[in-house]
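Down below is the structure, laid out as structure tokens.
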Amino acid sequence: MVLTVADEDTAACLHSGDVPVLATPRLVALCEEATCRSLDGRLGEGRTSVASRIQFDHLIPVPIGATVAAEATLERVEGRRLVFTVSVTLRSDRHTTLVAAGRVTRVAVERDRFLDKAGGWGPDRG
């Protein structure tokens, strides 16, 4: 997954700080997207995955206009749990710098069953 940082990706815009640099929540979302893309077509009909745990280190600030790339590698499968290592790098003509790294654990679920459970918490069901 590749992202060129824009105003809407900054900590100031996402209310996770007041500086105009790539926000940690946006980095996490980019990594989650990479994990989801790596599972495309692999879970079977009617199944999806949901994040259950995120361990993440954001190492350096990234300015607007810079381009970062997120990668996800499925490290192991533990029943329905899928454990990924993730990393985000900043690439320039001269070098590559690690921006963030961590681990994302996703759980494979039946989509309809999962949504039924979520429906039980709506405003009318308390």
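The values are calculated or read from the model by the stated rules, or taken from the named source; none is laboratory data. Keep in mind that what you see is a predicted model, and the values were worked out from it rather than measured. Note that we place each Cβ from the backbone using ideal geometry, even for glycine, and neighbour counts take in every protein chain shown.
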| task | Test GLU33 against the criterion of being loosely packed, with under 14 Cβ neighbours inside 10 Å and modelled with pLDDT of 95 or more, and give yes or no. | result | no
| field | Top-ranked residue in the range 1-27 [being surrounded by fewer than 12 Cβ atoms within 10 Å (Cβ to Cβ) and assigned to a strand (DSSP E or B); ranked as farthest from the chain's Cα centre (by Cα)] | value | THR4
| field | Selection within the range 28-59 - of a type outside the set (D, E, K, R) and in a helix (DSSP H, G or I) | value | VAL28, ALA29, LEU30, CYS31, ALA34, THR35, CYS36, SER38, LEU39
| request: Inspect the range 80-94 for any residue being farther than 30 Å from ASP116 by Cα, basic (Lys, Arg) and out of contact with any Ser or Thr (no Cβ under 9 Å at 6 or more places or on another chain) and give the result as yes or no. | output: yes
| query | Could you say which residue among ASP112, ASP9, ASP57, ASP116 is touching a Lys or Arg at 6+ places or on another chain (Cβ under 9 Å) and of a type in the set (Asp, Glu)? | reply | ASP9
| So LEU98, is it surrounded by 14 or more Cβ atoms within 10 Å (Cβ to Cβ), over 13 Å from the mean Cα position of the chain (by Cα), aliphatic (A, V, I, L, M) and on the phi < 0 side of the Ramachandran plot | no
| said: So, in the range 70-100, how many residues would count as being part of a strand (DSSP E or B) and either modelled with pLDDT under 95 or in contact with a helix residue (DSSP H, G or I) (Cβ under 9 Å, 6 or more places away or on another chain) (or both)? | reply: 14
| request: Would you check which residues across the range 1-35 are more than 15 Å from ALA100 (Cβ to Cβ), hydrophobic (A, V, I, L, M, F, W, C) and in contact (Cβ under 8 Å) with a residue 40 or more places away in the chain and list them? | output: ALA6, VAL19
| How many residues does the range 1-43 contain that are touching a Leu at 6+ places or on another chain (Cβ under 7 Å) and within 24 Å of SER92 (Cβ to Cβ)? | 8
